[in-house]
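Every number in this text was worked out from the coordinates using simple rules, so none of it is lab data. Being a predicted model, the structure only gives us computed values, none of them experimental. Positions of Cβ are generated from backbone atoms using ideal geometry, with glycine treated the same way; all protein chains shown enter the neighbour counts.
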Ligand SMILES: NC(=O)c1ccc[n+]([C@@H]2O[C@H](COP(=O)([O-])OP(=O)(O)OC[C@H]3O[C@@H](n4cnc5c(N)ncnc54)[C@H](OP(=O)(O)O)[C@@H]3O)[C@@H](O)[C@H]2O)c1
């Protein structure tokens, strides 16, 4: 990874939760400066120090509010439950102007989380675009990576499909996927996020039927070397 990338600060909104903490851990391990965002700064401070302990090194992970994290970062990652998706985005909207926003939200509607139930906008990522405006740089990624894999040290076999509002948004996000140690794929425009987000319910269903916790997907038939 080049030094310029490592100077970037990544905010993980809802980074106190399962998925956000795992991603924050991976990026901090790769050398990025990471801000954990929360509705409650004390909670974020606690999680940031837990990640620092896991890393046992000179990594920089700091906990603060979602708004301050969004204001003080270069790239903002959203990892909140779907019910909190719109309120969280609206609460930090001004701070997101001109920044890449990476949305990991899956529009699950409990209790039927094994059934695909997409929102009127098409997908959570498209809803983010509606909220943030047509100029926003949004990518959607990580929806099919179980948090159980992110805090472990084993090699993760599942791939990450990246959709986004522009080639640049997808390209930048693919660099961050690579930094987590996973394999990412440019999966096309943000409209394609409907498939990727919907796949999460399929994987949850497979977990349930076959007694697993972290079913994933892998792209085959492509030579990337
Ligand atoms: N868990 C997974 O394995 C996984 C995998 C792929 C994608 N995802 C997606 O990633 C997102 C986060 O999943 P998660 O399992 O990490 O969720 P989570 O642990 O339940 O929640 C993440 C964080 O969101 C904040 N939050 C919760 N309810 C909220 C509310 N009503 N309003 C505002 N903030 C709220 C909380 O942070 P504070 O209380 O600190 O504010 C919480 O720590 C979801 O959209 C999920 O579908 C999850």
* Structure fact -> Relative contact order in percent for the chain (Cα pairs under 8 Å, 6+ apart) equals 18
* Structure fact -> Taking a ≥ b ≥ c as the square roots of the Cα gyration tensor eigenvalues, with a/c under 1.5 meaning rounded and otherwise prolate when a/b beats b/c or oblate if not, the stretch 1-100 comes out oblate
* By how many nm would the segment from residue 195 to residue 72 grow when fully extended, if each residue of separation counts as 0.36 nm and the alpha-carbon distance is taken off? -> 41.1 nm
* Asked: How high is the FRET efficiency from residue 206 to residue 112, r the C-beta distance, R0 22 Å, rounded to 0.05?
  -> 0.90
* Go ahead and collect, in residue order, the members of the stretch 90-116 whose backbone nitrogen is under 19 Å from a label point 7 Å along the Cα-Cβ direction of residue 18. => 103-116
* **Rg in Å to one decimal, and Dmax rounded to a whole Å, for the stretch 100-225 via C-alpha atoms** => 14.4, 43
* **Ranked 214, 171, 85, criterion: other C-beta atoms within 10 Å, fewest first** => 171, 214, 85
* To do: Please say if the stretch 82-122 is rounded, prolate or oblate, where rounded means a/c under 1.5 for a ≥ b ≥ c the square roots of the C-alpha gyration tensor eigenvalues, and otherwise the choice is prolate for a/b larger than b/c and oblate otherwise?
  => prolate
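Using the scaling law 2.2 N^0.38 Å as the reference, what is the normalised Cα Rg of the chain?
0.94
Would you list 108, 176, 161 from fewest to most Cβ contacts within 10 Å?
108, 161, 176
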* Asked: Mean residue ellipticity at 222 nm from the helices of the chain, using -39,500 (n - 2.57) per DSSP H segment of n ≥ 4 over the full residue count, to the nearest 500 deg cm²/dmol?
  -> -11500 deg cm²/dmol
* Asked: Sorted from fewest to most neighbouring beta carbons within 10 Å, what does the list 142, 40 look like?
  -> 40, 142
* Highest GNM mean-square fluctuation, the chain, Cα pairs closer than 10 Å: which of 189, 81, 110? -> 110
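With N set to the residue count of the stretch 103-171, report its C-alpha Rg divided by 2.2 N^0.38 Å to two decimal places.
Expressed relative to 2.2 N^0.38 Å, the Cα Rg reads 1.26.
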* Alpha carbon centre of the stretch 32-106 versus the stretch 184-209: separation in Å? -> 23
